[in-house]
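Take a look at the structure set out below.
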């Protein structure tokens, strides 16, 4: 039988299909999603859940003239397939291939680039305002998940959109999950709406008709409004959204194409902001993803038949080692508290939550709240550890400065996914944390050379009288022995791993291992390269730097962070302040650009952060200074 998917070159082709053909198309798209993501990895469960919704959106709305703005972008694969990128879909998240997120440079159908949550309504509202200023007539649709509604920016945007009363359609894709199970009052509120099939009866039309009654219309309308205010909370679903100024429609079965298309068509001409509540099932159509949606939210390559994840090596991940260490320190100290922002699995805290349920808090996708709540816990005598990915901690920068560090509160930031993350691309690369944290007074910043040192740094940070951050990468460790008893590391003291007379490689965190490999390669060319595990981004080991300046005279800093304002910049600043004007400094790190998607090994090699890359740069640098 002929494939319908192969006939879809653009969204306009959907308008020629019958309902049975569109339902067949949905099945074909699910097959392509499962096959492709099983090989490339990616966000499978969210996309399986929005197949019918995406078909309906592109059937009713005229993209790219009408603008569709996706929140986060975890669910935009179907959108990419239907907007001319099907033939390149096998390159998803691969180096040089298409992005796993909407990207304006990639397609005119990607109205706004995304990667972090809770932004779609704000962005769509900006597009609406530009449309109205330009006196244009196109439609703007924001798609947002119920998990993203735990983020405060979504409410700020809903509030302002209702105030402005401009034409805007918001699709609430409600699958009861973000990455892990949703938490909070909004999640409970939406659960109640899911069980209520009633539809709101267009209050604006009723008010309009009442006010047209001669002489008494305004008084009648006012009386009805007061009466309604007393009853509506009991009988009307979606009242929160109505109070914010939206016309609420739903809940709608998000896998019923006919119903979706009908509702979208009828709501399209409505004036003012409209919110359509759609119920979907994450992982729809693939048993392993339906039964284990959190595991298949963002997944590596897997076997389609069984859903078994293809494992890459047997070494434990930094995330897993952190999770085990958290349990160990919590067993010793009852004041240790764990906090995360919708990522108990991703940050390694799921077992901690099971072991210490009263000392674990998942605040949802609300990083600023997580940080300030931790500050409150610390002010009350507890020892909170906030586990957040590097790229997501950026969203709580103000709270890190003002609520934690300004008060010198003992909050520990466990910064997972620091450095090159890989296939999720520029929105997720954790390459700015050294730069954005280093300027904050009183914050101790550590970076372990391996997973065992991560354990000791966690213990050190928890027992520090002040704020501390530990940055560590995604993926497996080096296989270091993690059986040692936890111990404190002297603050600001680096570790000399190998002596060298010609050049000192000063490594930040996990760059220590490739620096050791580079030292071996340089030795073959007669260059004696010492290697130092800096351990601390802040405070620096100033005594060690002075000794290296005196005894070696050539220092090369190596980091998996942006060079601008990073670890190497800190060393340069100290050398300048200490007037060590004879020492020669060269910095190796990431350039002043957003790092594209690709595997972590590919990107580390591309930017010279492997043993071979570091050795080549150092050899060239040494040649410039005449070192034989």
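Taking into account only those residues within segment 94-109 that are touching a helix residue (DSSP H, G or I) at 6+ places or on another chain (Cβ under 8 Å) and within 30 Å of residue 157 (Cα to Cα), which is surrounded by the most Cβ atoms within 10 Å (Cβ to Cβ)? Going through the qualifying residues, I end up with 100. None of 611, 598 is within 22 Å of the chain's Cα centre (by Cα) and outside the structural domain of residue 438 (by TED's automatic domain parsing) except 598.
Put simply, of 313, 298 the only residue that is outside the structural domain of residue 382 (by TED's automatic domain parsing) and surrounded by fewer than 15 Cβ atoms within 10 Å (Cβ to Cβ) is 313. In this structure, is residue 93 in the same structural domain as residue 9 (by TED's automatic domain parsing), on the phi > 0 side of the Ramachandran plot and modelled with pLDDT of 95 or more? It is true that residue 93 is in the same structural domain as residue 9 (by TED's automatic domain parsing), on the phi > 0 side of the Ramachandran plot and modelled with pLDDT of 95 or more.
Any residue in segment 312-338 that's at positive phi: show its pairings with residues that are buried (at least 17 other Cβ atoms within 10 Å of the Cβ) at Cβ separation under 8 Å, as long as the two are six or more apart or on different chains. That search, which allows pairs on different chains as well, returns 313/476.
The single condition among (1) modelled with pLDDT of 95 or more; (2) farther than 22 Å from residue 281 by Cα that residue 170 does not meet is (2). Quick one: is residue 55 touching a helix residue (DSSP H, G or I) at 6+ places or on another chain (Cβ under 8 Å) and surrounded by 23 or more Cβ atoms within 10 Å (Cβ to Cβ)? It is true that residue 55 is touching a helix residue (DSSP H, G or I) at 6+ places or on another chain (Cβ under 8 Å) and surrounded by 23 or more Cβ atoms within 10 Å (Cβ to Cβ). Every condition in (1) more than 20 Å from residue 49 (Cα to Cα); (2) crowded, with 23+ Cβ neighbours inside 10 Å; (3) touching a residue at least 60 places away in the same chain (Cβ under 8 Å) is met by residue 157 except one, and the failing one is (3).
The residue list 342, 370, 378, 353 contains one member that is part of a helix (DSSP H, G or I), under 28 Å from residue 439 (Cα atoms) and within 22 Å of the chain's Cα centre (by Cα), which is 370. Just one of the listed residues (32, 48, 14) is crowded, with 23+ Cβ neighbours inside 10 Å and either more than 26 Å from residue 262 (Cα to Cα) or touching a residue at least 40 places away in the same chain (Cβ under 8 Å) (or both), and it is 48. Each residue in segment 305-320 was checked for being assigned to a loop (DSSP other than H, G, I, E, B) and modelled with pLDDT of 95 or more, and 0 pass.
For segment 486-509, does any single residue satisfy the condition of being under 24 Å from the mean Cα position of the chain (by Cα), modelled with pLDDT of 95 or more and within 23 Å of residue 313 (Cα to Cα)? Yes, that holds for at least one residue. Filtered by the rule that a residue be in contact (Cβ under 8 Å) with a residue 12 or more places away in the chain and not in a loop (DSSP other than H, G, I, E, B), segment 291-304 gives 299, 302. Just wondering, is there one or more residues in segment 620-627 that are in contact with a strand residue (DSSP E or B) (Cβ under 8 Å, 6 or more places away or on another chain), within 21 Å of residue 522 (Cβ to Cβ) and at pLDDT 95 or above? So far as segment 620-627 goes, no, none of its residues is in contact with a strand residue (DSSP E or B) (Cβ under 8 Å, 6 or more places away or on another chain), within 21 Å of residue 522 (Cβ to Cβ) and at pLDDT 95 or above. Within segment 464-487, one or more residues are assigned to a strand (DSSP E or B), surrounded by 24 or more Cβ atoms within 10 Å (Cβ to Cβ), touching a residue at least 60 places away in the same chain (Cβ under 8 Å) and in contact with a helix residue (DSSP H, G or I) (Cβ under 8 Å, 6 or more places away or on another chain). If you go through segment 91-121 and keep only what is touching a strand residue (DSSP E or B) at 6+ places or on another chain (Cβ under 9 Å) and in contact (Cβ under 8 Å) with a residue 60 or more places away in the chain, you end up with 93, 100, 101, 109, 114, 117, 118. Answer yes if at least one residue in segment 439-450 is over 23 Å from residue 113 (Cβ atoms), surrounded by fewer than 20 Cβ atoms within 10 Å (Cβ to Cβ) and touching a residue at least 60 places away in the same chain (Cβ under 8 Å), and no otherwise. Yes: one or more hits. A residue that is crowded, with 17+ Cβ neighbours inside 10 Å, part of a loop (DSSP other than H, G, I, E, B), touching a helix residue (DSSP H, G or I) at 6+ places or on another chain (Cβ under 8 Å) and in contact (Cβ under 8 Å) with a residue 12 or more places away in the chain cannot be found anywhere in segment 387-399. Does segment 122-132 contain any residue that is in a loop (DSSP other than H, G, I, E, B) and free of Cβ contacts under 8 Å to residues at least 24 places away in the same chain? The answer is no; no qualifying residue exists.
Within segment 238-251, can one find any residue that is crowded, with 21+ Cβ neighbours inside 10 Å, touching a strand residue (DSSP E or B) at 6+ places or on another chain (Cβ under 9 Å), within 22 Å of residue 76 (Cβ to Cβ) and modelled with pLDDT of 85 or more? Yes, there is a match, as at least one residue in segment 238-251 is crowded, with 21+ Cβ neighbours inside 10 Å, touching a strand residue (DSSP E or B) at 6+ places or on another chain (Cβ under 9 Å), within 22 Å of residue 76 (Cβ to Cβ) and modelled with pLDDT of 85 or more.
Which pairs do you get when a residue that is without any contact (Cβ under 8 Å) to a residue 24 or more places away in the chain, found in segment 582-602, comes within reach of a residue that is not in a loop (DSSP other than H, G, I, E, B), reach meaning Cβ atoms under 9 angstrom, with the pair 6+ apart or on two chains? Every condition considered, the pairs that remain are 593/562.
The values are calculated or read from the model by the stated rules, or taken from the named source; none is laboratory data. Owing to the predicted nature of the structure, the values given are computational and were not obtained by experimental measurement. In this analysis, Cβ positions are derived from the backbone assuming ideal geometry, glycine residues included, and neighbour counts consider all displayed protein chains.
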